[in-house]
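Asks: Below is a structure I'd like to ask you about.
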Amino acid sequence: MNQAAERPALPDHLSIDPRSPHYHAAVFEHDIGIRFNDKERQDVAEYCISEGWVKVPAGKALDRKGQPLLLKLKGKVEAFYP
């Protein structure tokens, strides 16, 4: 039960990209689960709970800076600690 008390609250908007203003290093010290439209997703790069969207990589496609191209999917988003 001590581990649950030490975990930071999950933010409304979170990104895995360290260059993003929505990146929070303290949150990534723990495992995070994302449920999108009642299915768990393992490939989420960014999410926003209040706006109801997730961004996932579009296959192996890369942008001109070498970062994966992201698709924005809309639906019901839930973030949780497993």
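The values are calculated or read from the model by the stated rules, or taken from the named source; none is laboratory data. Not measured: the values here are computed from a predicted model. Glycine gets a Cβ as well: all are built from the backbone with ideal geometry, and neighbour counts include every protein chain shown.
Asks: Taking the conditions exactly as written (closer than 21 Å to ALA9 by Cα, of a type in the set (A, V, I, L, M, F, W, C) and in contact with a Pro (Cβ under 6 Å, 6 or more places away or on another chain)), does ALA26 satisfy them or not?
Replies: Criteria met by ALA26.
Asks: Check segment 67-79 and report whether any residue there is modelled with pLDDT under 95 and surrounded by fewer than 12 Cβ atoms within 10 Å (Cβ to Cβ).
Replies: No, there is no match, as no residue in segment 67-79 is modelled with pLDDT under 95 and surrounded by fewer than 12 Cβ atoms within 10 Å (Cβ to Cβ).
Asks: Continuing with the same structure: Among the strands (runs of 3 or more DSSP E) lying completely within segment 10-60, list those that include at least 3 residues that are surrounded by 13 or more Cβ atoms within 10 Å (Cβ to Cβ).
Replies: Correct list: 13-15, 33-36, 46-48.
Asks: So how many residues does segment 8-59 have that are aromatic (Phe, Trp, Tyr) and closer than 16 Å to LYS76 by Cβ?
Replies: Count: 3.
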